[in-house]
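Scroll down for the structure; my scribbles are underneath it.
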Amino acid sequence: MANHKSALKRIRSNEAKRLRNKYQHKTTRNAVRDLRVIEDKKEAESKLSSVISMLDKLAKNNIIHKNKAANLKSKLVKHVAAL
């Protein structure tokens, strides 16, 4: 168990950050999944920018690797262009 006040605070803040990261990551994964099943090109194009923004934010905060974000964005853009 932690012996210092600062260590206890670090435990609390780490848990809060973990839950926030988990929520943002899950929300983004769901948005990517929803975008992949859309058949209408106009609707997909409108959602694409928000999904790309979500992926960029995850990569900026090191929740996912920047190359993974780039790969996902590339695949999604190709998917929307092919509709």
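Readers should treat all values here as calculations from the given coordinates under stated rules, not as data from a laboratory. These numbers come from a predicted model, not from an experiment. Ideal geometry is used to build each Cβ from the backbone, glycine not excepted, and the neighbour counts take in all protein chains shown.
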Inset, instruction - Determine the sum of side-chain charges near VAL37: Lys and Arg each +1, Asp and Glu each -1, restricted to other residues whose C-beta is under 12 angstrom from that of VAL37. - result: -1
Legend entry - aspartates and glutamates whose Cα lies under 19 Å from that of LYS17, excluding same-chain neighbours fewer than 8 positions away: ASP56
Legend entry - Computed [θ] at 222 nm, deg cm²/dmol, the chain (DSSP H ≥ 4; -39,500 (n - 2.57); rounded to nearest 500): -29500 deg cm²/dmol
Inset, instruction - Quick one: divide the alpha-carbon radius of gyration of the stretch 22-82 by 2.2 N^0.38 Å and tell me what you get. - result: 1.05
Inset, instruction - For HIS25 and LYS68, calculate 0.36 nm times their separation in residues minus their Cα-Cα distance, and state this gained length in nm to one decimal. - result: 14.2 nm
Inset, instruction - Counting other Cβ atoms within 10 Å, keep those with at most 12, restrict to DSSP loop, and tell me which GluC sites (Glu not before Pro) in the stretch 23-61 are left. - result: GLU39
